[in-house]
Amino acid sequence: MTFLYKADPVRGAQWARLFAEKAPQIPFRIWPDGSASGDDAEAVRYLAVWEAPRDLATIFPNLEVVFSVGAGIDQFDLTAIPAHLPVVRMIEPGIVAGMVEYVTLATLALHRDWLTYAAQQREGRWQVLGTRVASERRVGVLGLGVLGQAVLTRLASFGFQCAGWSRSPRTLDGIECFAGAEALPAFLARTDILVCLLPLTDATRHILNRDLFARLPRGAALINTGRGGHLQQDHLLEALESGQLGAAVLDVADPEPLAADHPLWHHPRVMLTPHVASMTQPDSAVEVVLENLRRHREGEPLIGLVDRARGY
């Protein structure tokens, strides 16, 4: 009943230590530690990966569950993973806390004109800008999964007018919720700072485009902590140039990293970070994985089970 880890080996070593402490009865291996052939491969029942290897069912004929080591699964080709295998994305407290911290930081920076003040500092210019209280600023989050709900709850505590949009109806105390394509224009029209936390699917690829930007109030700002594939980067540059958007904070890009000569690197109204908004924390991740192993053994629903029809 081997558990195989195939991702960053440094983090894998941390997982190995935690498995040894918390579940010593489960053999734990780090790829390619003799686990891709023969009896070792046949013993693998659980696989934690960032990108699944090709011919998964052939390599590991007795595999029972595939775990993503991240919150997203857009890096997976689900058609190459046998339909009978459950695919589980990572939902753990460390990822949630990191995302809440990052989006809160970015929202407050935009709300308090941090990019403008940083530019003024570089220019040696001392100029006070007008301020608005949080209750006058409208924040909207695309995506009302675990991360989106946690982010909105935290931002609402500052007094921001908060709303969320999702494909299907959701309810969240104190948050205005919009659902479905027909409600998207109204959601965008009331949003001064737009946060993208959607999963990346065929339906959401390039959703952040000129048509969407045109529906936001003039001068609105964008925070993208979803995936680089959500954003039409040339459309963002157009919107910044025209003033339709006033600023953007981007933690993701397509490709990653951007080409050295890409204009987003040096744009004065863009803050760019290297996909660091939220990372899986080994301690809490292993706790969730072990809980899922227990649930799998006992036939209970798995935390983070992917709906293949939806792609997340």
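The values are calculated or read from the model by the stated rules, or taken from the named source; none is laboratory data. Remember, it's a predicted structure, so these values are computed and weren't measured experimentally. Cβ atoms come from the backbone with ideal geometry, glycine included; neighbour counts cover every protein chain shown.
Considering segment 104-153, and only residues there that are at pLDDT 95 or above and of a type in the set (Ser, Thr, Tyr), the residue that is farthest from residue 198 (Cα to Cα) turns out to be 117.
Scanning segment 265-312 for residues that are of a type in the set (Gly, Ala, Ser), outside any helix (DSSP H, G or I) and under 19 Å from the mean Cα position of the chain (by Cα) gives 277, 278, 304, 311.
Out of the residues in segment 135-146 that are closer than 20 Å to residue 95 by Cα, among the aliphatic types (A, V, I, L, M) and touching a strand residue (DSSP E or B) at 6+ places or on another chain (Cβ under 9 Å), which is surrounded by the most Cβ atoms within 10 Å (Cβ to Cβ)? Give the derivation first.
Step one: list which residues in segment 135-146 are closer than 20 Å to residue 95 by Cα, which gives 141-146.
Filter once more, keeping what is among the aliphatic types (A, V, I, L, M): 141-142, 144, 146.
Imposing the further condition that a residue be touching a strand residue (DSSP E or B) at 6+ places or on another chain (Cβ under 9 Å) reduces the set to 141-142, 144.
On the way: 141: 30, 142: 25, 144: 26.
Among those that are closer than 20 Å to residue 95 by Cα, among the aliphatic types (A, V, I, L, M) and touching a strand residue (DSSP E or B) at 6+ places or on another chain (Cβ under 9 Å), it is 141.
Scan segment 255-263 and tell me whether some residue there is free of Cβ contacts under 8 Å to residues at least 60 places away in the same chain, farther than 18 Å from residue 205 by Cβ and assigned to a helix (DSSP H, G or I). Within segment 255-263 (the criterion being free of Cβ contacts under 8 Å to residues at least 60 places away in the same chain, farther than 18 Å from residue 205 by Cβ and assigned to a helix (DSSP H, G or I)), the answer is yes, since at least one residue qualifies. A Cβ distance below 9 Å, combined with a sequence gap of six or more or placement on separate chains, defines the contacts here; from segment 136-151, residues that are more than 14 Å from residue 200 (Cα to Cα) and outside the structural domain of residue 171 (by TED's automatic domain parsing) reach no residue that is among the hydroxyl-bearing types (Ser, Thr, Tyr) and surrounded by 24 or more Cβ atoms within 10 Å (Cβ to Cβ). When you look at residue 29, is it of a type in the set (D, E, K, R), surrounded by 15 or more Cβ atoms within 10 Å (Cβ to Cβ) and at pLDDT 95 or above, yes or no? In short, yes.
I want to confirm something. Restricting to segment 37-70 and keeping residues that are of a type in the set (A, V, I, L, M) and assigned to a helix (DSSP H, G or I), which single residue is surrounded by the fewest Cβ atoms within 10 Å (Cβ to Cβ)? Show your work before the answer.
Going residue by residue through segment 37-70, those that are of a type in the set (A, V, I, L, M) are 41, 43-44, 47-49, 52, 56-57, 59, 63, 65-66, 69.
If we keep only those that are assigned to a helix (DSSP H, G or I) too, we end up with 41, 43, 56-57, 59.
Values: 41: 18, 43: 16, 56: 18, 57: 13, 59: 17.
Among them, the one singled out is 57.
Residue count for segment 57-99 satisfying the condition of being under 19 Å from residue 202 (Cβ atoms) and among the β-branched types (Val, Ile, Thr): 4. Looking at this structure, is residue 302 farther than 30 Å from residue 4 by Cβ and in contact with a Pro (Cβ under 8 Å, 6 or more places away or on another chain)? Here the answer is no, as residue 302 does not meet what is asked. Where residues in segment 172-209 are surrounded by 20 or more Cβ atoms within 10 Å (Cβ to Cβ) and not hydrophobic (A, V, I, L, M, F, W, C), which of them is nearest to the chain's Cα centre (by Cα)? Ranking the candidates gives 199 first.
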